[in-house]
Amino acid sequence: MKEKNPQKYQHIQCFDDVSLLKVAVSFLVKFDQYQEFKDIFEYFSNSGKTLKSIPDLVAKFNIFVDEKGILRIKNKCFRKNQMNREQLNPILLSKTSPLTKAIILDVHHRTKHAGFYTLLSEIRKQYFIIHAFSTIQGVLRSCITCKRLNGRPVKLNQSAYREDRLMPSNIPFRYVYLDYIGPFSVLDNKKKKKVWILIVTCMWSRAINLKICHDLTAAMFLRALQLHVFDYGIPEKVFSDLGSQIVSGLNTVKAFLSDSATYNYMVTNGISCLQFEQYFKGHSELGSLVESCVKIVKKLIYGSVKKNVLSILDFEFVILEVNHIANRRPIAFKEGLRKVDLEFPAPITPEMLLKGYELVSVNIIPDLQSLPDDELPWDHEHVKDAYSKLRKVRDRLRDIYNGEFMAQMIQQATDKKSRYVPKKHHKLKRGDIVLIRDHMQKPTNYDMARILDVKENELEEVTGAVLLKGNGSKVHYHSESIIPLLTVEDHEFHDGGVPNAIREENKKQAEAKPLRQAAKIAKARIKQTYIADDS
């Protein structure tokens, strides 16, 4: 406009974009400083200055007022020819000022969400913030992008199942844990098929009971569980993962046992009703006792069978022997029964807790004995091929048992650094917005969810949560796979799931006057400019 009619608009001063930005920043800084440091401006405007009237900040930071009326810090550490004026005498900013927060966020976005020290270095080139460390850290904690990229899962000091593990029922297989392993390839009527193994672990005696399942249906799970009940009775409390066949099967059992006649029979015989509890996803070390038992079974089976494809009968034989060997592993020592001539005390095994004594298990099948070639019974010239594979498997089982179990038990207590160091726990609440950590995805692709319900341990730490994902599905996850993003206080939800902040903004927009067409176009252009700058 001034170019078209310079005489009419000669009183208006024109700036280019860079100069206009500097003038606007200087005006905002000056206005903010007048609000935050009134006592300093009063001191410099007072002609009768005394040493006693010097404000603490002026004496501490050597503050002065430049020709534009802006408070700056006089830096004596560098020569003037080494640095420009803004670096030599940075602008003073308050830690509580909204302008300070806006400047920090602006520099943070311009540095592409760089780390704390990079951001601090860039800010100090132009500004001096009082208590800069705590101020910048407080602003960075509110950055959603940094939370997505650098967020850490919730840490726990105590497992949710500590009480069940320390003080379980002293009846074998009254508190049990269920898990599947497999599949394993076997031959059935000369046809290759897959089978799975249901592992039932006793939480008290640490004994293991293995049942073969020919498929992963709920009906086959109920059959395997019934065979276990024939051996050790109905369990009182069952822990498992979120396997669909386990959940469906145990719900069927609970519905059946809730019948009035069945319930009265169980109460009359002193049998507690079945309790079923699932542990949350996302934590492979949950219940290390159970996971160690699963690891033992896997090592025995995979280490002995390897790539051999056994017949279904031979495989059943191997599983029974694995069950027998695993229950003979040492879990404690008989200190009171130690003999003087022994270097180590005699071990206590799950088998002794189940039966009260050690079974005398002697192999009674001649063809399964591992004998040298010169000691083979030559009157049996043709040894059966079916027994030759099984004999190799049993030899490997014995070698694994003798060489591995004791070393693994000793290593478990010292396999991780700082295992028992106290951890800082982040308390999750209903309504919090969180991220679900997935090791197969980048942090920017983590799913976002809202907490519907939480589970706590004795220390009132949240060990798991029921989450509502964006697609409407409900999932159960362990706390060590949950990354806090927004708390209820940061982002309170109103009725209908609409945040209060958004609700108030929508109300203001509805009450405001409609924008002119030119204002709408200008607003759209400004938005496109911000998008281009961020990209």
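The values are calculated or read from the model by the stated rules, or taken from the named source; none is laboratory data. Nothing here was measured: the structure is a model prediction, and the numbers come from that model. Here Cβ is always computed from backbone atoms with ideal geometry, including for glycine, and neighbour counts include all displayed protein chains.
Tabulated data
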| item | result |
| --- | --- |
| Pick from segment 40-55, criterion without any contact (Cβ under 8 Å) to a residue 12 or more places away in the chain and of a type in the set (A, V, I, L, M), ranking: surrounded by the fewest Cβ atoms within 10 Å (Cβ to Cβ) | Leu51 |
| Subset of segment 229-246 (residues that are β-branched (Val, Ile, Thr) and touching a Phe, Trp or Tyr at 6+ places or on another chain (Cβ under 7 Å)) | Val238, Ile246 |
| One residue from Leu222, Leu242 being assigned to a loop (DSSP other than H, G, I, E, B), among the aliphatic types (A, V, I, L, M) and out of contact with any Asp or Glu (no Cβ under 6 Å at 6 or more places or on another chain) | Leu242 |
| Test: Thr444 is closer than 18 Å to Gln278 by Cα, β-branched (Val, Ile, Thr) and either surrounded by 11 or more Cβ atoms within 10 Å (Cβ to Cβ) or modelled with pLDDT under 85 (or both) | no |
| Residue in segment 227-247 that is of a type in the set (A, V, I, L, M, F, W, C) and free of Cβ contacts under 8 Å to residues at least 12 places away in the same chain present | yes |
| In segment 187-219, the residues that are hydrophobic (A, V, I, L, M, F, W, C), outside any strand (DSSP E or B) and either modelled with pLDDT of 90 or more or under 33 Å from the mean Cα position of the chain (by Cα) (or both) | Met203, Trp204, Ala207, Leu216, Ala218 |
| Residue in segment 198-228 that is surrounded by the most Cβ atoms within 10 Å (Cβ to Cβ), counting only those that are under 11 Å from Gln245 (Cβ atoms) and touching a Phe, Trp or Tyr at 6+ places or on another chain (Cβ under 7 Å) | Leu198 |
| Segment 168-186, residues that are part of a loop (DSSP other than H, G, I, E, B) and polar (S, T, N, Q) | Ser169, Asn170 |
| Enumeration of residues in segment 429-451 that are of a type in the set (Gly, Ala, Ser) and either under 14 Å from the mean Cα position of the chain (by Cα) or not in a loop (DSSP other than H, G, I, E, B) (or both) | Ala449 |
| Some residue of segment 117-125 being at pLDDT below 90 and under 23 Å from the mean Cα position of the chain (by Cα) | no |
| Segment 171-186 residues that are surrounded by fewer than 23 Cβ atoms within 10 Å (Cβ to Cβ) and modelled with pLDDT of 85 or more, paired with ones that are assigned to a loop (DSSP other than H, G, I, E, B) and among the acidic types (Asp, Glu) (beta carbon under 6 Å, 6 or more apart) | Arg174/Glu236 |
| Subset tally (residues that are of a type in the set (Asp, Glu) and either under 32 Å from the mean Cα position of the chain (by Cα) or surrounded by 14 or more Cβ atoms within 10 Å (Cβ to Cβ) (or both)) for segment 229-243 | 2 |
| Qualifying residues in segment 79-105 (those that are outside any loop (DSSP other than H, G, I, E, B) and modelled with pLDDT under 85) - the one surrounded by the most Cβ atoms within 10 Å (Cβ to Cβ) | Leu88 |
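Conditions (1) surrounded by fewer than 19 Cβ atoms within 10 Å (Cβ to Cβ); (2) of a type outside the set (Gly, Ala, Ser); (3) in a loop (DSSP other than H, G, I, E, B), marked per residue:
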{"residue": "Lys424", "(1), (2), (3)": "yes, yes, yes"}
{"residue": "Lys427", "(1), (2), (3)": "yes, yes, yes"}
{"residue": "Asp453", "(1), (2), (3)": "yes, yes, no"}
{"residue": "Gly464", "(1), (2), (3)": "no, no, no"}
